[in-house]
Each structure stands twice: as structure tokens, then as C-alpha cells.
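In what follows, a structure is listed as C-alpha cells, so that the remarks can point back to it.
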Amino acid sequence: MEFNLIEVVTLVTVVYLLSTIFRLEQRVKTLNYKVEQLSVHTDISEDELYQELHQELKGLIHQGKDVQAVKRVRETKGLSLIEAKQYVDALKYDVK
């Protein structure tokens with residue numbers, strides 16, 4: 001069985017990417033656990049955590065800065081572009 005250089009490089013790249021994804025998934029699980037523990041000990045609901053963000057987003061929406069609001073949601077909540085846009089649109093309708 002002969003492997004050419006492209007196949008070997010592709011295989012190594014795929015293995016590297018899969019291991020990176022696995023490490024990131026583990027890190028996210030760890031961070032989620034820590035956040036859950038912190039929220040249990042502080043008795044702060046998710047709504048209270050995001051209350052300040054909602055006020056900031058409503059201000060941006062009121063100023064017509066929907067793109068900045070979407071960007072802020074993505075930075076803060078880690079949502080995809082579509083999810084962040086839907087989130088901002090839902091807030092926009094609450095503002096009006």
C-alpha cells in the first residue's frame with residue numbers, strides 16, 4: 001500500500017482537528033460545570049446574569065445599531081450569526 005504525500009498530510013490534519021475538537025468539547029463541559037456550580041452558590045438566575053446585557057442591547061437597538069447588537073450577543077453568549085440575529089430580533093420586538 002502506497003500513500004502519497006497529500007493523503008498523509010490530509011490524514012494528519014484530520015487527526016489534529018479531531019483531537020482539537022475533543023479538547024475544546026472537554027473544556028466547554030468543564031466551563032459549563034463551573035458556571036452551574038457558581039450559579040448554585042450565588043442563587044443568580046440566568047435572567048439576572050443577562051439583565052445588563054439586555055439593557056445594553058436594547059440601547060443599541062434603539063440607536064439603530066442592530067449589527068453591533070448582533071456582534072455583542074455573539075461575543076457574550078457564543079451564538080451563531082443566525083441565532084444572534086434571531087435573539088436581537090426578538091429583543092427588537094420587545095423594545096417596540
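The values are calculated or read from the model by the stated rules, or taken from the named source; none is laboratory data. Because the structure is predicted, anything quoted here is derived from the model rather than measured. Cβ coordinates were reconstructed from backbone atoms using ideal geometry, including for glycine residues, and neighbour counts include every protein chain displayed.
In the set (1) in a loop (DSSP other than H, G, I, E, B); (2) under 18 Å from Tyr93 (Cβ atoms), the condition left unmet by His54 is number (1). Checking each residue in segment 67-89 for being surrounded by 14 or more Cβ atoms within 10 Å (Cβ to Cβ), under 8 Å from the mean Cα position of the chain (by Cα) and of a type in the set (Lys, Arg) picks out only Arg74.
Tell me the residue from Val35, Val9 that is surrounded by 10 or more Cβ atoms within 10 Å (Cβ to Cβ), modelled with pLDDT of 85 or more, in a helix (DSSP H, G or I) and not assigned by TED's automatic domain parsing to the domain that holds Tyr93, please. Quick ask: steps written out before the conclusion?
Numbers: Val35 fails: modelled with pLDDT of 85 or more.
That would be Val9, the only listed residue that is surrounded by 10 or more Cβ atoms within 10 Å (Cβ to Cβ), modelled with pLDDT of 85 or more, in a helix (DSSP H, G or I) and not assigned by TED's automatic domain parsing to the domain that holds Tyr93.
Here Phe3 meets the list (1) assigned to a loop (DSSP other than H, G, I, E, B); (2) modelled with pLDDT of 85 or more almost entirely, failing just condition (2).
Would segment 19-27 turn up any residue that is among the small types (Gly, Ala, Ser), more than 18 Å from Gly78 (Cα to Cα) and outside any helix (DSSP H, G or I)?
Of segment 19-27, the ones among the small types (Gly, Ala, Ser) are 19.
Add one more test, that the residue is more than 18 Å from Gly78 (Cα to Cα), and what stays is 19.
From what is left, the residues that are outside any helix (DSSP H, G or I) are none.
The answer is no; no qualifying residue exists.
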